[in-house]
1. I need the full set of residues from segment 24-42 which are touching a residue at least 24 places away in the same chain (Cβ under 8 Å) and either closer than 23 Å to residue 101 by Cβ or in contact with a Leu (Cβ under 7 Å, 6 or more places away or on another chain) (or both), in order please.
2. Is it the case, given these coordinates, that residue 80 is in contact with a strand residue (DSSP E or B) (Cβ under 9 Å, 6 or more places away or on another chain), at pLDDT below 95 and surrounded by 14 or more Cβ atoms within 10 Å (Cβ to Cβ)?
3. Can you tell me which residue within segment 41-60, out of those that are surrounded by 13 or more Cβ atoms within 10 Å (Cβ to Cβ) and charged (D, E, K, R), is farthest from residue 8 (Cα to Cα)?
4. Which residue is surrounded by the fewest Cβ atoms within 10 Å (Cβ to Cβ), if the candidates are limited to segment 62-74 and must be of a type outside the set (Val, Ile, Thr) and modelled with pLDDT of 95 or more?
5. Scan segment 59-87 for residues that are of a type in the set (A, V, I, L, M) and more than 11 Å from the chain's Cα centre (by Cα) and report the count.
6. Tell me the residue from 108, 104 that is β-branched (Val, Ile, Thr), in a loop (DSSP other than H, G, I, E, B) and modelled with pLDDT of 95 or more, please.
7. Within segment 12-30, how many residues turn out to be in a helix (DSSP H, G or I) and surrounded by 15 or more Cβ atoms within 10 Å (Cβ to Cβ)?
8. Does residue 140 fit the bill of being over 12 Å from the mean Cα position of the chain (by Cα) and farther than 22 Å from residue 5 by Cα?
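The values are calculated or read from the model by the stated rules, or taken from the named source; none is laboratory data. The model shown is predicted, which means the values in this text are computed figures rather than measured ones. Here the Cβ positions follow ideal geometry from the backbone for every residue, glycine too, while neighbour counts run over all protein chains shown.
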Amino acid sequence: MIELPEQTLWDIRAFVYHHFGDTIHAPSLDETAVRFALTRDEAASAYDALHHRHAFFLKPGTHEILIANPFSNIDTTFRVHANGKTYFANCAWDSLGIPAALHVDADVEAVCSQSGEPVTLQIRDGRVSGSDVRIHFLIPFKHWYDDLVFT
């Protein structure tokens, strides 16, 4: 693995998050390499290092970003409408994290995992309204990273 300066790693992480905010998707490995004037191997090493630090999560066996909490790089049942875009969250908790990360008001459309019923929430000025639903986590936090996609 090619080692890059610590600051470069954190600059890449910030770039990934800004890219999600601007486009609703993670940058590709090639986009990151170009942005930071890195070789593809250097960018891959940076992605690996950030994955191992849980800064974001790669799709297994690839250098494609799957999750950069609270953002999902794939369509999910947790849709967050903000800034004229539809972002995808990884879970109910992350659907509240997207408006917090972007510092914006948002509307959330989700599906209750237990009942299959639709859930809608509005986030205005940092406050949640629109439903009296509760979020329940089946897995204790200390085990979330054992299998983050399942969690």
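1. 24, 25, 26, 27, 28, 29, 36, 42
2. Values: in contact with a strand residue (DSSP E or B) (Cβ under 9 Å, 6 or more places away or on another chain): yes; at pLDDT below 95: no; surrounded by 14 or more Cβ atoms within 10 Å (Cβ to Cβ): yes.
Criteria not met by residue 80.
3. 59
4. Within segment 62-74, the first condition is being of a type outside the set (Val, Ile, Thr), and the residues that meet it are 63-64, 66, 68-73.
Filter again for modelled with pLDDT of 95 or more, leaving 63-64, 66, 68, 70-73.
Values: 63: 18, 64: 14, 66: 18, 68: 20, 70: 24, 71: 26, 72: 26, 73: 22.
Taking the candidates together, the pick is 64.
5. Step one: of segment 59-87, the residues of a type in the set (A, V, I, L, M) are 65-68, 74, 80, 82.
The next check asks that each one be more than 11 Å from the chain's Cα centre (by Cα); those that pass are 80, 82.
Qualifying residue count, segment 59-87: 2.
6. Numbers: 108 fails: in a loop (DSSP other than H, G, I, E, B).
Result: 104 is the single residue among 108, 104 that is β-branched (Val, Ile, Thr), in a loop (DSSP other than H, G, I, E, B) and modelled with pLDDT of 95 or more.
7. Kept after step one, since they are in a helix (DSSP H, G or I), are these residues of segment 12-30: 12-23, 29-30.
Remaining after also requiring surrounded by 15 or more Cβ atoms within 10 Å (Cβ to Cβ): 12-13, 15-17, 19-21, 29.
Summing the residues that are in a helix (DSSP H, G or I) and surrounded by 15 or more Cβ atoms within 10 Å (Cβ to Cβ) in segment 12-30 gives 9.
8. Values: over 12 Å from the mean Cα position of the chain (by Cα): yes; farther than 22 Å from residue 5 by Cα: yes.
Yes; evaluated as a whole, the condition is true for this residue.
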